[in-house]
Amino acid sequence: MIINETLYQMPSDPSIEKLYTQRLSEMNKDVDKINSRFKTALDSINKLQIKGRKFKYQLQNNILEAERVRSKIQQNLFTQRIDIFNPKTNPTSFAESMGVSVIKEFVL
């Protein structure tokens, strides 16, 4: 690339040179402000991208977990369940249970 010499020539007149340097410094300050804002904006965008990726990952995990639970429920939907009043759940007779209850009543 060829650099144009007119871009880097300083004015020969001292008053114009002073004005030129003032404008150059003002422009440099403005560019620095814009540069800092731009860097801040880029940092914010990067943070939002990271948070977005985290949210996406958590959402995918939640969807997979919900699908797993849903399939487990569907598998258990048609399984045989034991009755609540199954006679085999309490092998003791009524007389034995009554005797244990009476003994507990007197002891306590």
Using 0.36 nm per residue of separation minus the Cα-Cα distance, give me the extension gain between Ile50 and Leu77 in nm, one decimal. 5.7 nm
Report the net charge of residues surrounding Ile45, where surrounding means a beta-carbon distance below 13 angstrom and charges are Lys +1, Arg +1, Asp -1, Glu -1. +4
Any idea of Arg70's accessible area? Nearest 10 Å², probe 1.4 Å. 140
Phi-based couplings in Hz for segment 32-44 (Karplus 6.51, -1.76, 1.60; Gly and Pro marked x): 5, 4, 5, 4, 5, 5, 5, 5, 4, 5, 5, 4, 5
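The values are calculated or read from the model by the stated rules, or taken from the named source; none is laboratory data. Quantities reported herein were computed from a predicted structural model and do not represent experimental measurements. Note that we place each Cβ from the backbone using ideal geometry, even for glycine, and neighbour counts take in every protein chain shown. Accessible surface is based on the protein model in full, side chains and every heavy atom, while ligands, DNA and RNA are left aside. Shrake-Rupley method; radii C 1.70, N 1.55, O 1.52, S 1.80 Å.
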